[in-house]
Amino acid sequence: MAASRGTSSRRRGGKPHGTFDTAAVPELPAVTAARGARFAGAAEQDGPAEPPPQERERIGADDVREVGRLVHTLTRLRREARDGEAHALLNQAAYWPAVRFPLLADAMERAGLAADWATLLWEAATLPTERLVAAADALTAAGRAEDGERILRQGVVRPADEIGHAALALADGTRHRELRALLDACVRTRTPQDAARTAAPDPGRLVPLLLTAARAVSEERHWDVLHALRVAGLAA
């Protein structure tokens, strides 16, 4: 089938770089992934990555209390037209644990702060990739898939190699749900050439995963990404 694309692998150092068997692409566990994200380049923000699912804290009384306090304060600030302080509060909340995002969404909408919820999602788009994907995954898992998609779509400003490194970290932590969401977003909304560049940090591991995600979108997208990988010298 590769011949139909009329492309040959680019060689580095006399042998193909990132050689793999295109017929032996692994299947990722089926997940409910937020889709439609675009990841394209911005600076990484400081902050710890979200822990694996089995290590995350469950929603507790502190989470509920902090969310209630934020909504109460935000309502008062908006009523007093103290918009600068309100925006600073939203910026801080964007860095809260992912588990609080569904709580924030529900509480802010009930309080008539839907516009502030949209602003919070916009602020969260600058989170480090793993934290961004964790927040999107928490929203999707709580039945807010549209918000999960939105937060990913807005996370557009980050370089391809950052996505690749984040994917490796998710794979190492067996965080398959989030890994699938990240790669699905990548192949759906980036050009095939940009998507291919995400495999550069470790072609041997990332190329098969990227092609699995591309094939889940469509056979055409799979071939486009495979072609781009070959042109980039990342696949045989």
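Bear in mind these aren't lab numbers, they're just calculated from the coordinates by the rules spelled out. For clarity, every value in this text was computed on a predicted model and none was experimentally measured. A quick note on method: Cβ atoms are made from the backbone with ideal geometry, for glycine too, and the neighbour counts reach across all protein chains shown.
Of the peptides 76-86, 160-170, how do they stack up when ordered by the mean number of other Cβ atoms within 10 Å, highest first?
On the way: 76-86: 12.8, 160-170: 21.6.
Peptide ranking by packing, descending: 160-170, 76-86.
Round to a whole angstrom and tell me the spacing of the C-alpha centers of region 110-150 and region 166-236.
Taking the Cα centre of region 166-236 as reference, the centre of region 110-150 is 24 Å away.
How do 211-224, 115-128 rank on mean C-beta neighbours within 10 Å, highest first? Present the calculation step by step, with values, prior to reporting the outcome.
Values: 211-224: 18.2, 115-128: 19.7.
Most protected by this proxy first, the peptides run 115-128, 211-224.
Would you work out if region 82-159 is rounded, prolate or oblate? Take a ≥ b ≥ c from the square roots of the eigenvalues of the alpha-carbon gyration tensor; rounded if a/c is under 1.5, else prolate when a/b is larger than b/c, oblate otherwise. Display every interim value, and only then the final one.
On the way: a/c = 1.79, a/b = 1.19, b/c = 1.50.
Verdict is oblate for region 82-159.
Using a Förster radius of 41 Å, what is the FRET efficiency between Thr191 and Asp83 based on their Cβ-Cβ separation? Nearest 0.05, please. Mind showing how you got there, number by number?
Numbers: r = 38 Å, r/R0 = 0.92.
Approximately 0.60, to the nearest 0.05.
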